[in-house]
Every structure is written in structure tokens, then in C-alpha cells.
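Structure first, commentary second.
The values are calculated or read from the model by the stated rules, or taken from the named source; none is laboratory data. For clarity, every value in this text was computed on a predicted model and none was experimentally measured. Please note: Cβ atoms are built from the backbone with ideal geometry, for glycine as well, and neighbour counts cover all protein chains shown. The accessibility values were calculated without ligands, DNA or RNA, using every heavy atom of the protein model including side chains. Shrake-Rupley method; radii C 1.70, N 1.55, O 1.52, S 1.80 Å.
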Amino acid sequence: NMTISPWYSTGGAALIDVDQERLVSPSPALSQDIASDDQPTISWPDFAGGRAPKTVFIRDLHDSRLDMQDPIPASLEFSEGQVSACCYDLEQFGIGNDEFEALDDLRATIVELYFALKGEPRLGPLPERQLSYLKRALRER
């Protein structure tokens, strides 16, 4: 029993097994739909509540210590009874019962990450990249 989800990129489309994180099959039909009108004609699985993922932009972290200089993109993904808000640029996520809870959880995670990283004298490649991204997007008050 696998959870199948459509996946899109500029190079085409495919179906992936979400549970095993593997490609099930390239989908020429999906690629054709995207190439023809940029509106893929697929049905989203029932496990996703019939809602396709969507991108939103975080413009306020709801933290009095930080101002946003640039919005941070987050992908909202819906599954049965749960929403996840993922910031792929930072490799961070938040989870909640609805979009608002998931985004609030992600905001708190981003704030916590910023203050944890900025106090470290030596960082590895991923934390260094995360801190660099956050320094461009945020400004301390």
C-alpha cells in the first residue's frame, strides 16, 4: 500500500511514492498537460483532502525582536487531519491542524533557528547557509 502523489518540475512531471520517497513512474500525460496549458488535469488523492499544495509567503514572524526584510516562501501541504508548512530554503517545517497553526509553528521554528545559529562561533555548511539566508531575510530590532 503506497501513497502516490504527483510531482512537477520544469523538466516534466512524475508520480512519486511519498512513503518510500521514490519515483514510481514518469508521467508523459502529466508532462503533456503542463506543457500544453500550465494547468495539470489530475485529481489529488483523497489522503490530501482534495487540496493541492500551495505556496505562501511569510511576511511577519510574530516576534517583537525581528523584522522581515524579505518574505520567506513556505509550501503548505495537506494530509488527512494535518497541515505542514515547509520552508525548503531553510530545510525547516511546522505542523498544525490547519494552515494557521502550521505557519505559526514554522514561524516559531525559524525564530528559534535564527537565535540558535547566530550565537554559534563555528557552523557547518548547512547551518552556515541557513544563517546566511536568515540574515538576508531578517533584521533585529
Report summary line: Note on the range 47-58: residues open to solvent by less than 70 Å² (accessible area, probe 1.4 Å) and at pLDDT 90 or above are VAL56, ILE58
Query raised in the report: Could you say whether any residue in the range 108-126 is at pLDDT below 95 and in contact with a Phe, Trp or Tyr (Cβ under 8 Å, 6 or more places away or on another chain)?
Result: no
Query - Which listed residue is at pLDDT 95 or above and open to solvent by less than 80 Å² (accessible area, probe 1.4 Å), from LEU61, LEU15 - result: LEU61
Query raised in the report: If you scan the range 84-127, which residues turn out to be among the β-branched types (Val, Ile, Thr) and open to solvent by 40 Å² or more (accessible area, probe 1.4 Å)?
Result: ILE95
